[in-house]
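The values are calculated or read from the model by the stated rules, or taken from the named source; none is laboratory data. Small disclaimer: the values here were computed from a predicted structure and weren't measured. Heads up, the Cβs are rebuilt from the backbone with ideal geometry, glycines too, and the neighbour counts pull from every protein chain shown. All accessible areas refer to the heavy atoms of the entire protein, side chains included, with ligands and DNA or RNA removed. Shrake-Rupley method; radii C 1.70, N 1.55, O 1.52, S 1.80 Å.
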Amino acid sequence: MTDAHTTGTHGTGPFIAAIDQGTTSSRCIVFDKDGRIVSVDQKEHEQIFPKPGWVEHDATEIWENVQEVVAGAIVKAGITSADVKAIGITNQRETTLMWDKNTGEPVHNALVWQDTRTDALCKELGRNVGQDRFRRETGLPLASYFAGPKVRWLLDNVEGLRERAEAGDILFGTMDSWVIWNLTGGTDGGVHVTDVTNASRTLLMNLHTMAWDEKILSSIGIPAAVLPEIRSSAEVYGHARGGILDGIPVASALGDQQAALFGQTCFAEGEAKSTYGTGTFMLMNTGDTPVNSYNGLLTTVGYQIGDKPPVYALEGSIAVTGSLVQWMRDQMGLIKSAAEIETLASSVEDNGGAYFVPAFSGLFAPYWRPDARGVIAGLTRYVTKAHIARAVLEATAWQTREISDAMTKDSGVELAALKVDGGMTSNNLLMQTLADFLDAPVVRPMVAETTCLGAAYAAGLAVGFWPDTDALRANWRRAAEWTPRMDADTRAREYKSWLKAVERTMGWIEDEES
Amino acid sequence: MAKNIQSLERAAAMLRLLAGGERRLGLSDIASSLGLAKGTAHGILRTLQLEGFVEQDATSGRYQLGAELLRLGNSYLDVHELRARALVWTDDLARSSGESVHLGVLHQHGVLIVHHVFRPDDSRQVLEVGAMQPLHSTALGKVLSAYDPVAHSEVMEADRRSFTGRTVTAADEFEAMLDLIRAQGWAADAEETWEGVAAVSAPIHDRRRMPVGAVAVTGAVERVAPGGTLRPELIAAVRDCARAVSRDLGAGRF
């Protein structure tokens, strides 16, 4: 994709600016009232790997990049701050930062969600109960990518930090908090807040009360003084101070996957979106009740608009989807570009009996089997690389089906249609296969940038730029729809074979190394 | 007997010489093995180098075969790559025009639809990816016929059926229409394939200016060409989209 483009066919403002502080880059997109992109600016930041399994970001670099892309997007749009009605924020979730509130200096690099240094700590925190110790309160298993244990690690490992934190000099935040605090003035009156979606990924917030859970805080060992105030996802937190957007309201924050749910306008119970990138994240709106999962999904907050009640979601993630196609390209050399997987797969009518379960680092939802490893099953002399390519695409579709089945079991709601976004939606064969395997229509919206759009929508709602969610729905445009074409018998037979292949991945690793 | 072009014969001989094994040759070696003056050999080598057929090692100054030769035998643009590159631009075109957008490539004497974006009005529409359209009457087909010599020879040999009273079928009239398309840079289909349907299309080029496909906006004739005249802003939007996709193809090829 290009780093920036503008089209001359837009009306004159007003506009909403959305900041996406992502894992590999920070972006700013300016949207008009129809939800169309006016301009984009983007800048990557350094990925820091101090040790195997450790991933860090330099939060100072990130804040500099955010200021740069905001200015870049405004300039490319050819507008001034007077045309911008609000700023919305979406961010990589769970990435954890602590900084000194008097100097504004981070006390350590941010610990990125992928960082696994808290694995042992999480086991220890599980005590005799195990990883579900806090699930009833938080909806989450005790796992290294959530923020709470990362805070504890920082308090334990940065010299003198715990004392400074207890003295009230230190602030903790996920990247939304860091960006908002700096945008609204930093050491000069910056507001220290987070939204319910980001707070729901810390393992520290009680899903039922939307407040920090004191029992969990003391169990993990985190002083309440460091915590930001939990606010809704769409309200004015404060106003930008200094910079190109001086005086503009900062009016939304949503974790990236929740922002995509919002941008896809999944406002009704049972509506779901799935984002197909390197991995895949599927979220389903479950309305005003947090649904406990007995099928390996996460319970999380979908969004909360102002003083309205929060809306909950079930989340299922697939670790390996787009990255399996990259693996076929880079490790196997069977294709020259990611798009070619479709060409190769389309050269045959079916998978030739082959099934590919990419359990490269174990099986995730709904199985959670770390002892599993990848398998290609059903090989005969008949199978060609084209059949394998087909099995690769089918793997993504079957894994989505498994998440969707788990969501139906947990929520009791059948999936009516799946809204999709992300890079892999350009793969027509995959989208058709998805519709076939789910036995439900698969719908792609016209604006691919649903994450930024969701943040813009929430900010626009907060300042009255859009009157209500119905107006946002009216903006949603269907770019393509794939309808199921597979007969029920074939689907059932294929699913059975897939499940057999999944079974064969389990128990490969016999002694889990700790 | 046709008179052969001497410099082309010499260039071919140089390529054969350089292809003989994994070797790099200096200017004097090349000149002497082919019995040429150094100046003559250098002129030919420089031309081959500009075309990418020959590369010169920066340190030794020796010549070797260039990457362009590899691409010659392997130059086919994957249609799925084309779709992936076109996705954002065609979405934007559908949004700004309010009409449906198609991306087509030449395939088996017709136009294969490789990408389709719905008209953004929430009505029920069926995805047309994989469908075929005729070369001689659709806007996509006419653009391909005008710009792609293979499409051109196919369409001239084909049976150009009349679908509506407006379909152009006579060879001379058709050729004149293609001339006009090449001159203006876009093609139209005003009820020449389907009654009540009009379309505008522009060519997509790859990095070497080869026509690899076409993009079109299609809709009801009353909206696309009210009063019999194509809306100029539609023409501009389609051409902008085609240029944007072409630019993306020229940028970072794998």
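Need the per-residue list for segment B:126-158: every residue with at least 50 Å² less accessible surface in the complex of protein chains than in the chain by itself, probe 1.4 Å, sorted by number.
By number: B:Leu127.
How big a patch of accessible area, both sides summed and in Å² to the nearest 100, lies buried between B and A at a 1.4 Å probe?
Numbers: alone 13750 and 20480 Å², together 31690 Å².
Roughly 2500 Å² of accessible surface disappears when B and A pair.
Based on alpha-carbon centroids, what's the gap between segment A:187-261 and segment B:88-106 in Å, whole number please?
Here the two parts' Cα centres lie 40 Å apart.
Taking 7 Å along the Cα-to-C-beta vector as the label spot, tell me the B:Asp179-A:Asp34 distance in nanometres, rounded to one decimal.
3.9 nm
Counting only heavy atoms of the protein chains, get the accessible area per residue of chain A (1.4 Å probe) and round it to a whole Å² value.
Numbers: 19240 Å² over 514 residues.
Per-residue value: 37 Å².
Rg and Dmax in Å for segment A:45-113, alpha carbons only: what are they?
Answer for segment A:45-113, Rg first and Dmax second: 15.1, 47 Å.
Using protein chains only (no ligands, no nucleic acids) and a 1.4 Å probe, work out which residues of segment B:76-101 have their accessible area cut by at least 20 Å² relative to the chain alone.
When all protein chains are present, B:Asp78, B:His80, B:Glu81, B:Arg83, B:Ala84, B:Leu87, B:Val88, B:Trp89, B:Asp91, B:Asp92, B:Arg95, B:Ser96 each give up 20 Å² or more of accessible surface.
State the percentage of accessible surface on segment B:119-254 attributable to carbon and sulfur atoms; use a 1.4 Å probe and exclude ligands, DNA and RNA. Present the calculation step by step, with values, prior to reporting the outcome.
On the way: 3360 of 6350 Å².
With neighbouring chains kept in place, the figure for segment B:119-254 is 53 percent.
A 23 angstrom limit on the alpha carbon distance is what I want to check against. Which of A:Lys123/A:Lys215; A:Lys43/A:Lys76; A:Lys215/A:Lys409; A:Lys150/A:Lys215 exceed it? Don't skip to the answer; put the middle values down first.
Details: A:Lys123/A:Lys215 18 Å; A:Lys43/A:Lys76 14 Å; A:Lys215/A:Lys409 31 Å; A:Lys150/A:Lys215 17 Å.
Beyond 23 Å between Cα atoms: A:Lys215/A:Lys409.
Which whole-number value in Å³ per residue fits the convex hull of the alpha carbons of the protein assembly as shown?
On the way: hull volume 160.5 nm³, N = 768.
Cα convex hull per residue, to the nearest whole number: 209 Å³.
Please report how far the C-alpha centroid of segment A:438-514 lies from that of segment B:191-254, rounded to the nearest whole angstrom.
Segment A:438-514 and segment B:191-254 have Cα centres separated by 31 Å.
Filter the GluC sites (Glu not before Pro) in segment B:179-242 down to the DSSP loop ones having no more than 15 other Cβ atoms within 10 Å, then list what survives. Write down the numbers at each step before the final one.
Numbers: sites: B:Glu191, B:Glu192, B:Glu195, B:Glu222, B:Glu233; in loops: B:Glu191, B:Glu192, B:Glu195.
Passing both the DSSP loop test and the Cβ count: B:Glu195.
Spin-label point model (7 Å from Cα, Cβ direction): what's the A:Glu214 to A:Asp119 distance in nm?
3.6 nm
Over chain B, what is the relative contact order in percent, taking alpha-carbon pairs closer than 8 angstrom and at least six residues apart? Please list the in-between numbers first.
Working: 407 pairs, mean separation 35.8, N = 254.
Relative contact order of chain B: 14 percent.
Roughly speaking, what is the stretch gain from A:Gln47 to A:Asn292, that is 0.36 nm per residue apart minus the C-alpha to C-alpha distance, in nm to one decimal?
Numbers: separation 245, 0.36 × 245 = 88.20 nm, distance 3.48 nm.
Taking 0.36 nm per residue and subtracting the Cα distance, the gain is 84.7 nm.
Assign one of three labels to segment A:198-305, namely rounded, prolate or oblate, based on the Cα gyration tensor with a ≥ b ≥ c the square roots of its eigenvalues; rounded applies when a/c is under 1.5, prolate when it is not and a/b is larger than b/c, and oblate otherwise. Present the calculation step by step, with values, prior to reporting the outcome.
Values: a/c = 1.93, a/b = 1.10, b/c = 1.76.
Oblate, since a/c reaches 1.5 and b/c is not below a/b.
Going by the alpha-carbon gyration tensor, a ≥ b ≥ c the square roots of its eigenvalues, is segment A:1-154 rounded (a/c under 1.5) or, if a/c is not under 1.5, prolate (a/b greater than b/c) versus oblate?
Details: a/c = 2.73, a/b = 2.15, b/c = 1.27.
Prolate shape, in that a/c is at least 1.5 and a/b is the bigger ratio.
Name the residues of segment B:213-254 whose accessible area, probed at 1.4 Å, falls by at least 20 Å² once all protein chains are in place instead of their chain on its own?
Residues losing area: B:Asp248, B:Phe254.
Mind giving me the nanometre distance, one decimal, between the label points for A:Asp100 and B:Ala19, set 7 Å out from Cα along Cα→Cβ?
About 6.9 nm, to one decimal.
What is segment A:361-460's relative contact order, in percent, from Cα pairs under 8 angstrom and six or more apart in sequence? Provide the component values of the computation, followed by the final result.
On the way: 75 pairs, mean separation 22.2, N = 100.
Taking the mean separation of contacting Cα pairs over the length of segment A:361-460, I get 22 percent.
Pop the C-beta distance of B:Arg209 and A:His108 into the FRET formula with R0 = 56 Å and round what comes out to the nearest 0.05.
The calculated FRET efficiency here is 0.60.
Find how many whole Å separate the alpha carbon centroid of segment A:309-346 from the alpha carbon centroid of segment A:77-148.
With segment A:77-148 and segment A:309-346 each reduced to a Cα centre, they are spaced 25 Å.
Where is the GNM fluctuation largest for chain B (alpha-carbon springs, 10 angstrom cutoff): B:Arg124, B:Arg223, B:Arg209?
Largest GNM mean-square fluctuation: B:Arg124.
With charges set only on the Cβ (+1 for Lys and Arg, -1 for Asp and Glu), what does the dipole of the protein assembly as shown come to about its Cα centre, in debye to the nearest 20?
Numbers: 73 positive and 98 negative charges, 333 e Å.
Its charge dipole is roughly 1600 debye.
Carbon and sulfur: what percent of segment A:33-178's accessible surface (1.4 Å probe)? Before the final figure, lay out each step's value.
Details: 2740 of 5870 Å².
Ligands and nucleic acids excluded, carbon and sulfur reach 47 percent.
Taking R0 as 30 Å, what FRET efficiency do you get between A:Lys385 and A:Glu510 from their Cβ-Cβ distance, rounded to the nearest 0.05?
On the way: r = 31 Å, r/R0 = 1.04.
Calculated value: 0.45.
Using only the Cα atoms of segment A:121-166, build the gyration tensor, take square roots of its eigenvalues as a ≥ b ≥ c, and label the shape rounded, prolate or oblate: rounded if a/c is under 1.5, else prolate if a/b is larger than b/c, else oblate. Write down the numbers at each step before the final one.
Working: a/c = 2.65, a/b = 2.21, b/c = 1.20.
Prolate, because a/c is 1.5 or more and a/b exceeds b/c.
Counting heavy atoms of the protein chains only and a 1.4 Å probe, report the per residue accessible area for chain B as a whole number of Å². All intermediate terms of the calculation are to be shown ahead of the outcome.
Working: 12450 Å² over 254 residues.
Value returned for chain B: 49 Å² of accessible area per residue.
In whole Å, what are the extents of segment A:376-514 along the principal axes defined by its C-alpha atoms, from largest to smallest?
For segment A:376-514, the Cα spread along each principal axis is 61, 44, 31 Å.
With a Förster radius of 35 Å, plug the Cβ-Cβ distance of B:Arg247 and B:Glu9 into 1/(1 + (r/R0)^6) and report the FRET value to the nearest 0.05.
Values: r = 38 Å, r/R0 = 1.07.
Result of the calculation: an efficiency of 0.40.
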